[in-house]
């Protein structure tokens with residue numbers, strides 16, 4: 001699963017959640033959404049996060065060699081189903097590519113940072129990291 005900004009008229013209005021394998025998409029959070037937990041300016045859509053994001057993690061664990069989770073961050077961590085899905089991924093023995101938000105102060109975010117090889121992504125190194133991460137995953 002990945003998340004992407006939703007932009008309208010040049011400004012960010014929310015975030016989408018996407019299942020990489022199926023292309024299914026939902027709204028993770030939005031400025032103009034009614035209901036759901038408020039995080040900063042955004043209302044988090046736990047239904048779509050679980051329907052699309054958590055389902056994508058579980059499907060990848062069952063069917064794929066590589067599990068991608070972008071990202072373990074405050075919005076996603078509001079979901080009671082998301083944390084166990086990440087824990088299942090950590091226990092799976094599968095190849096994992098998981099991003100964490102730098103300010104995510106949650107036990108599962110700490111586990112990701114402690115148990116996996118950590119790559120710090122910055123604007124200055126992000127393009128160079130592609131080959132290094134591919135090598136670490138055995139793809140290069």
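Throughout, read-outs are computed from the coordinates displayed, never taken from laboratory work. Since the model is a prediction, treat every value here as computed from it, not as a measurement. Glycine gets a Cβ as well: all are built from the backbone with ideal geometry, and neighbour counts include every protein chain shown.
Points worth noting:
- Cβ crowding within 10 Å ranks 79, 99 as 99, 79, fewest other Cβ atoms first.
- Helical runs assigned H by DSSP (4 residues or longer) give the chain a calculated mean residue ellipticity at 222 nm of -8000 deg cm²/dmol, each run adding -39500 (n - 2.57) before division by the residue total.
- Beta bridges by DSSP in region 2-136, antiparallel share as percent, to the nearest 5: 75 percent
- Inter-centroid distance (Cα atoms) of region 96-121 relative to region 1-40, Å: 21 Å
- Computed from label points 7 Å out along Cα-Cβ, the spacing between residue 132 and residue 99 is 1.6 nm.
- Compared with the dominant principal axis of the Cα atoms in the chain, helix 126-136 is inclined by about 50°.
- Averaging the sequence gap over all C-alpha pairs within less than 8 Å and six or more residues apart, then dividing by the number of residues, gives the chain a relative contact order of 16 percent.
- Which of 38, 90, 123 has the fewest Cβ neighbours within 10 Å, and the rest in rising order: 123, 38, 90
- With respect to the chain, whose longest principal axis is taken over its alpha-carbon atoms, helix 82-91 is tilted by about 0°.
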